[in-house]
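A short write-up of the structure that comes next.
The values are calculated or read from the model by the stated rules, or taken from the named source; none is laboratory data. Fair warning: this is a prediction, and the values are worked out from it, not measured in the lab. Ideal geometry is used to build each Cβ from the backbone, glycine not excepted, and the neighbour counts take in all protein chains shown.
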Amino acid sequence: MSIVFYDVEDWERDRIPKVIAGELVVLAGEKLTLVTAKKYRQAQVISVFAWSKMTREVLQTLPHLEHISTRSTGFDHIDLKACRDRGISVSNVPTYGERTVAEHTMALMLALSRKLVQAEKRGREGRFSREGLRGFDLDDKTLGLIGCGKIGSKVAEMARAFAMRVIVFDPQPDGELAKRLQIKYVDSLEELLKRSDVISLHAPLTDETKHMINMETVQLIKPGAILVNTARGDLVQTAAVLKAIDDGILSGVGLDVIEHEQLVAEEAEILSKSAPSNQELSALLHNHILFSNPKVIVTPHNAFNSEEAVAKILNTTIWNIDAFINKTCLNLVE
């Protein structure tokens with residue numbers, strides 16, 4: 001059986017075993033694309049990260065593929081219907097870094113509320129004027145969580161330690177969690193946006209949640225609020241966020257993920273094309289405006305990246321593949 005790991009970074013090479021369940025493992029640094037898939041057409045098991053888009057067209061180039069093990073919790077980069085049509089099973093890492101991502105979320109909140117990036121830059125330059133650097137306390141502010149699963153509930157727990165009030169919009173309220181953490185569920189996204197001083201996104205990306213923060217919903221946000229997204233970039237429409245900042249609705253934005261995130265890595269390639277699409281050019285322009293805005297903090301999809309979390313991601317992926325080969329299957333995505 002041929003096992004291929006795509007999206008492999010240098011630090012992973014010493015941690016991924018050369019053999020899993022008696023089968024040799026091939027490590028490929030590149031993303032899985034229509035072009036790179038052809039290099040390993042004989043692959044029966046593939047592991048990818050979220051950068052690799054496993055579309056129906058890509059899957060068609062892999063005639064022997066039986067199993068995909070994604071090194072992530074989310075699986076919106078995989079065409080599950082195409083996999084079901086082919087009888088290809090998919091496994092994920094259902095939990096690995098809820099505390100890790102939650103800590104990064106709180107770090108973004110604190111950096112925005114205390115204008116930490118601007119203050120650090122001024123201090124490094126030897127300018128000790130505090131003009132324009134006054135922030136605000138999280139104490140007694142209202143945090144609105146959009147989604148309160150494993151990560152969102154950890155953020156709620158940490159926010160309560162900062163004496164924040166926490167309200168939640170989630171289609172599946174958890175009464176026991178609400179009682180334990182003293183949080184309150186609200187009936188609508190509209191209510192949450194109107195009441196929250198800080199908004200933090202922890203929802204999965206689906207057809208229903210894509211662009212849930214858009215030109216219409218930003219108008220509902222409490223003036224002066226800050227927005228944090230460590231979930232999925234496409235939950236937020238970049239153009240809407242830029243307008244909300246310009247209109248004074250949002251006083252700060254912290255993003256670990258952005259809309260059209262992969263285009264950033266591929267910018268040089270896109271601009272070298274003879275005819276880049278209008279959508280690609282528009283996305284790149286919006287992202288450049290976003291990155292240059294002093295009210296915005298962007299980190300490079302790094303919220304999950306702690307020593308403890310990445311070790312769990314790799315270990316779980318290896319267990320998933322070993323289980324598939326031994327026909328006992330773990331962490332299958334339905």
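Restricting the range 54-69 to residues that are outside any loop (DSSP other than H, G, I, E, B) and in contact (Cβ under 8 Å) with a residue 40 or more places away in the chain, the residue that is nearest to the chain's Cα centre (by Cα) is S69. Out of curiosity, is V35 in the same structural domain as I318 (by TED's automatic domain parsing), surrounded by 15 or more Cβ atoms within 10 Å (Cβ to Cβ) and more than 28 Å from T100 (Cα to Cα)? When the stated conditions are applied, V35 does not pass them.
Report, by residue number, each residue of the range 232-246 that is in a helix (DSSP H, G or I) and among the β-branched types (V, I, T).
Hits for the range 232-246 are T238, V241, I245.
Residue check: is E103 closer than 30 Å to L143 by Cα and in contact with a helix residue (DSSP H, G or I) (Cβ under 6 Å, 6 or more places away or on another chain)? Criteria not met by E103. Sub-8 Å Cβ pairs linking a first residue in the range 303-329 that is farther than 23 Å from T100 by Cβ to a second residue that is surrounded by fewer than 19 Cβ atoms within 10 Å (Cβ to Cβ) and at pLDDT 95 or above, at least 6 apart or interchain, are F324/E66; F324/S89; C329/S89; C329/A323, ordered by first then second residue.
Residues that are closer than 30 Å to E308 by Cβ and touching a residue at least 60 places away in the same chain (Cβ under 8 Å) are absent from the range 120-136 altogether.
Entry remark, the range 10-50: residues being closer than 18 Å to S91 by Cβ and of a type in the set (F, W, Y) number 1 in total.
Here's the yes/no breakdown for (1) among the hydrophobic types (A, V, I, L, M, F, W, C); (2) in contact (Cβ under 8 Å) with a residue 40 or more places away in the chain:
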{"site": "I46", "(1), (2)": "yes, yes"}
{"site": "H77", "(1), (2)": "no, no"}
{"site": "A82", "(1), (2)": "yes, no"}
{"site": "R86", "(1), (2)": "no, no"}
{"site": "T100", "(1), (2)": "no, yes"}
{"site": "A107", "(1), (2)": "yes, no"}
{"site": "A111", "(1), (2)": "yes, yes"}
{"site": "V117", "(1), (2)": "yes, yes"}
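Screening D10, D14, D79, D85 for residues that are acidic (D, E), modelled with pLDDT of 95 or more and surrounded by fewer than 18 Cβ atoms within 10 Å (Cβ to Cβ) leaves exactly one candidate, D85. Of all residue pairs spaced 6 or more apart or on separate chains, those with beta-carbon atoms under 8 Å, a first member in the range 20-43 that is free of Cβ contacts under 8 Å to residues at least 12 places away in the same chain and a second member that is surrounded by 13 or more Cβ atoms within 10 Å (Cβ to Cβ) and in a loop (DSSP other than H, G, I, E, B) are K39/A28. Scanning the range 1-25 for residues that are in a loop (DSSP other than H, G, I, E, B), farther than 27 Å from P63 by Cβ and either more than 21 Å from the chain's Cα centre (by Cα) or among the aliphatic types (A, V, I, L, M) (or both) yields a count of 2. With respect to T55, is the statement that it is surrounded by fewer than 17 Cβ atoms within 10 Å (Cβ to Cβ) and among the hydroxyl-bearing types (S, T, Y) true? Against the criterion (surrounded by fewer than 17 Cβ atoms within 10 Å (Cβ to Cβ) and among the hydroxyl-bearing types (S, T, Y)), T55 qualifies. Among the residues that make up the range 93-100, is at least one of them farther than 15 Å from V228 by Cα, surrounded by fewer than 20 Cβ atoms within 10 Å (Cβ to Cβ), among the acidic types (D, E) and touching a helix residue (DSSP H, G or I) at 6+ places or on another chain (Cβ under 7 Å)? The answer is yes; a qualifying residue exists.
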